[in-house]
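The values are calculated or read from the model by the stated rules, or taken from the named source; none is laboratory data. Nothing here was measured: the structure is a model prediction, and the numbers come from that model. Counting neighbours? That spans all protein chains shown, and the Cβs are built from the backbone with ideal geometry, glycine included.
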Amino acid sequence: MLNLSIQTQLIVMRCFNQQDGRLTDIEADLDLYTKNVIALVTTVWFSWGGIRGMRELFRRLKAERMDEQDDGTVINHHNLDE
């Protein structure tokens, strides 16, 4: 079990350029830029979808016509006007 843990630590250490496990300055900057780009793309994507969905919601609500006969009464799991 101890041997597996040491091997895992060595594999993780090889992913980094330095022996103490820290990223170099260039790698850290690239990592930060990558995360920022992903965050920006995700924010734009969700905002665009949300705005588009809100437009569709309000368009449908505007087109919806109210039935004056329907007062919301339900008897035996059916609307009263049906």
Residue match in region 13-30 (condition: at pLDDT 75 or above and surrounded by 10 or more Cβ atoms within 10 Å (Cβ to Cβ)): yes
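Considering each residue of region 60-71, count those that are part of a helix (DSSP H, G or I) and surrounded by 10 or more Cβ atoms within 10 Å (Cβ to Cβ), and give that number. Quick ask: steps written out before the conclusion?
Step one: filter region 60-71 for residues part of a helix (DSSP H, G or I), giving 60-63.
This time we only want the ones that are surrounded by 10 or more Cβ atoms within 10 Å (Cβ to Cβ), so: none.
Counting residues in region 60-71 that are part of a helix (DSSP H, G or I) and surrounded by 10 or more Cβ atoms within 10 Å (Cβ to Cβ) gives 0.
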